[in-house]
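Values in this text are rule-based calculations from the coordinates and carry no lab data. Computed from a predicted model, the values in this text were never measured in an experiment. Here the Cβ is made from the backbone with ideal geometry for all residues, glycine too, and neighbour counts use every protein chain on show.
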Amino acid sequence: ARLANQIAAGEVVERPSSVVKEIVENSLDSGATSIEIDIEKGGHKRILIRDNGSGIPHDELALALSRHATSKIAKLDDLDTICSLGFRGEALASISSVARLSLSSKPKDQAQAWQAHCEGRDMQVQVNPVAHPDGTSVDVVDLFFNTPARRKFLKTEKTEFTHIDEVVRRIALSRFDVSFSLKHNGKLLRKYPAVKAQNSELKRLNTICGKEFSEQSIELNSQFQTFELKGWLAQPGQSKTQGEFQYFYVNGRMMRDKLINHAVRQAFEGLMGADFYPAYVLYLTLEPNQVDVNVHPAKHEVRFHQARLVHDFIFRALTDSLNQYCQ
Ligand code: ADP
Ligand code: MG
């Protein structure tokens, strides 16, 4: 089974940033309101993530490290209604098969905290008592220590950290209500405090996307049937470097999707010409049964059941907003 995990790890655990993404998503699924991310040497050496979420009961700790044991998909139909970020039950199993992993946790109503530890694919999971506050810590040390071929593909510390930084930015833009901090080699580099009021979302937007984008963006808020599109667009004429901020979320997940890109691009091009490079942070919400998020292992792509309708809704919502602004 551990070998299967190692193979699956190839899909889920591409590099340190994918480890960070999976672990932080678990923290969000657990209801955490505060997530601390501590990275050493670009994540090659260590990725330590602490949350204040629901915690994992003692008798489920070892299980959480075994593949699919925890899968939230009881039957295929459930795929239609998945709301949590994780649902394959393979991230922790995959990560633990290619690293030294400690999972420490304490649910509020459990007096003692416990830690499950596991190294690579041949090791038994060991569970021991540990001191830990309410919530969960995942400590991933020596990523790819037992898969030299994979380790060879790791880039420099700096490059891997840049990827982690980007993953944390994307997630921070999806959950304004959760506070995040990011350290590298002991230095606190990012702090995104939880946003209490709706109108202070701009503060985090400012921290992440810069002053130019946050102060001059066009706010968008459109509805059609059960679809909703909210967020911010760069004002036409902003400097081209703004184009790096292209964040599109579907039901809270960041997506890179052809259909979405096409709709967004068409809307911008229709008004601004082909060489305008749009910047945007947009949130599309629709009923869970309208999307299938299980298309890509890294979960970047979606399949919309009413693709044409969604495409045209996005196009029209953006075109209307841009038109209003241009008048
Ligand atoms: P998935 O998220 O797809 O269910 P994972 O391998 O990522 O699978 O996680 C396995 C299980 O471990 C989760 O379903 C959850 O029950 C538990 N778990 C993992 N991380 C946390 C956490 N930070 N807080 C609470 N439970 C967690
Ligand atoms: Mg998960």
Inset, instruction - Fewest Cβ neighbours within 10 Å first, please rank Phe268, Phe224 accordingly. - result: Phe224, Phe268
Legend entry - Packing-based ranking, highest mean first, of 141-154, 169-182 given that Cβ atoms within 10 Å are counted: 169-182, 141-154
Legend entry - Ranked list, fewest to most other Cβ atoms within 10 Å of each Cβ, for Ile35, Ile49: Ile49, Ile35
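In this model, which of Lys155/Lys187; Lys108/Lys191; Lys21/Lys158 are farther than 24 Å apart at the alpha-carbon?
Lys108/Lys191
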Legend entry - Cβ-derived FRET efficiency at R0 45 Å, Asp292 paired with Lys45, nearest 0.05: 0.75
Inset, instruction - Report the full-extension gain for the segment Ser34 to Asn185: residue separation times 0.36 nm, less the Cα-Cα distance, to one decimal in nm. - result: 52.3 nm
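Could you list Glu212, Glu22, Glu119, Glu244 in order of exposure, starting from the residue whose Cβ has the fewest other Cβ atoms within 10 Å?
Numbers: Glu212 16, Glu22 24, Glu119 19, Glu244 13.
The fewest-first ordering by Cβ neighbours comes to Glu244, Glu212, Glu119, Glu22.
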Legend entry - Surrounding net charge for Ala32, when Lys and Arg each add one and Asp and Glu each subtract one, Cβ distance under 11 Å: -4
Legend entry - Using θ = phi - 60° and Karplus 6.51 cos²θ - 1.76 cosθ + 1.60, couplings along the stretch 34-46 (whole Hz; Gly, Pro as x): 9, 10, 10, 10, 10, 10, 10, 6, x, x, 4, 7, 7
